[in-house]
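Visitor: Take this structure, written in structure tokens, and hold onto it; I'll ask about it next.
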Amino acid sequence: MSTANRYQPIKSTKPVIAGKTRKLKDLMLKSDNRICADCSAPDPKWASANIGVFLCLKCGDVHRALGPDVSKVLSVTLDDWSDSDIDSMVEVGGNSYANSIYEAFLPKDHPKPKPDSTMEYRTKFIRAKYETQDFLKPSLRITSKGSFEPTNSVKSVNSGFSSTSTKHVTEDTREFVGELNITVVRGIELAVRDMLTSDPYVILTLGEQTAQTTVKKSDLNPVWNEVLKLSVPRNYGPLKLQVYDHDMFSADDIMGEAEIDLQPMITAAMAFGDPSRIGDMQIGRWFMTRDNCLLKDSTVNVVSGKVKQEVNLKLQNVESGEMELELEWVPIL
């Protein structure tokens, strides 16, 4: 088959409306989507619409060989996308969210391909990741249909608690889907806001709720180990963290801020169900990117029957400072 025939654009029978085209373009601009989901090659020009990832030409070629029942490959510049294909991409959220599921159990001795990896190794990895799904828990493995609508895909897992979900909220579920026990562990090398030190405290905000730690007097490396509790609304957004310096006679000074994406944790917790029924294991991951405040990848784990996530953050809009937290997810049964 010639190269020209192989990459002949697939014409959709339903044109995309302008607003949804903009959503796809906005998704492509996120830093984690500006590299290939499988080999990290820059500037990917292809995508798997049903899996929800952006791909380079080489990896896209392997995906195409898997068949459209596993991976529906489209060009982001040449093909006409249907509105349902764009909805699938947007609901997954892009490379980081998809990889947090498909690579949740990627062994350390099984490295991802690089942009210059051989086609043999690239093919072996991609087939293991998506076709046999070796890096997912067996009970979470996806069965795709000819309509490209996975029966248990990342998209369907996300939609249950997604902020864009339009499902009717029953009387049983009310407005909250769970609770977070957030242990504010400590701050590291926080900014000076008084003469030589600061009196820091932390405020957490989720929707309309706020919670606050105690003030630590004259301490740039405070240890709190305080547990703050917040309810998670069905239409949840990021958990916002702000550090302030307490002043007696003037307004408190900001000492940095950060946002915590809750979707990787809630998605993984929802997919695996009751954590008390499974042993200790990793079930998800929030990847560090240039668009977030993570200092390193943050894994979601089941520990002694509880879903927990350790988060190490670099404070933003400040000259220095890091924060360590531990999140525990408590579903409403």
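The values are calculated or read from the model by the stated rules, or taken from the named source; none is laboratory data. Keep in mind it's a predicted model, so treat the numbers as computed, not measured. A quick note on method: Cβ atoms are made from the backbone with ideal geometry, for glycine too, and the neighbour counts reach across all protein chains shown. Accessible surface is based on the protein model in full, side chains and every heavy atom, while ligands, DNA and RNA are left aside. Shrake-Rupley method; radii C 1.70, N 1.55, O 1.52, S 1.80 Å.
Visitor: State all residues of the range 17-39 that are closer than 26 Å to Cys293 by Cβ, among the charged types (D, E, K, R) and open to solvent by 10 Å² or more (accessible area, probe 1.4 Å); if no residue qualifies, say none.
Guide: Lys23, Lys25, Asp26, Lys30, Asp32, Arg34, listed by residue number.
Visitor: What strands (runs of 3 or more DSSP E), lying completely within the range 218-274, carry at least 2 residues that are under 17 Å from Val307 (Cβ atoms)?
Guide: Per the criteria, 223-233.
Visitor: Which residues, taken from the range 292-302, are without any contact (Cβ under 8 Å) to a residue 24 or more places away in the chain and either more than 17 Å from the chain's Cα centre (by Cα) or more than 30 Å from Arg193 (Cβ to Cβ) (or both)?
Guide: Asp297, Thr299, Asn301, listed by residue number.
Visitor: Could you pull out the residue among Asp274, Asp219, Asp261 that is out of contact with any Phe, Trp or Tyr (no Cβ under 9 Å at 6 or more places or on another chain) and over 18 Å from Ser320 (Cβ atoms)?
Guide: From the options Asp274, Asp219, Asp261, the qualifying one is Asp274.
For every residue, the table says whether it meets (1) farther than 28 Å from Asp26 by Cα; (2) touching a strand residue (DSSP E or B) at 6+ places or on another chain (Cβ under 9 Å); (3) in contact (Cβ under 8 Å) with a residue 24 or more places away in the chain; (4) of a type in the set (S, T, N, Q).
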position	(1), (2), (3), (4)
Asn235	no, no, yes, yes
Tyr244	yes, yes, yes, no
Ala268	no, yes, yes, no
Pro275	yes, yes, yes, no
Arg290	no, no, yes, no
Ser304	yes, no, yes, yes
Gln309	yes, yes, yes, yes
Lys314	no, yes, yes, no
Leu325	yes, yes, yes, no
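Visitor: Can I ask one more? Being open to solvent by less than 10 Å² (accessible area, probe 1.4 Å) and in a helix (DSSP H, G or I) is the filter; apply it to the range 40-61 and report the residue that is nearest to Met119 (Cα to Cα).
Guide: Ranking the qualifying residues of the range 40-61, first place goes to Cys59.
Visitor: Moving to a separate point now. Assess whether Thr197 counts as being part of a strand (DSSP E or B) and surrounded by fewer than 22 Cβ atoms within 10 Å (Cβ to Cβ).
Guide: So Thr197 does not fit the description; no.
Visitor: Kindly indicate whether Phe148 is modelled with pLDDT under 60, part of a loop (DSSP other than H, G, I, E, B), open to solvent by 30 Å² or more (accessible area, probe 1.4 Å) and of a type outside the set (Val, Ile, Thr). Step through it out loud before you land on a result.
Guide: Values: modelled with pLDDT under 60: yes; part of a loop (DSSP other than H, G, I, E, B): yes; open to solvent by 30 Å² or more (accessible area, probe 1.4 Å): yes; of a type outside the set (Val, Ile, Thr): yes.
Against the criterion (modelled with pLDDT under 60, part of a loop (DSSP other than H, G, I, E, B), open to solvent by 30 Å² or more (accessible area, probe 1.4 Å) and of a type outside the set (Val, Ile, Thr)), Phe148 qualifies.
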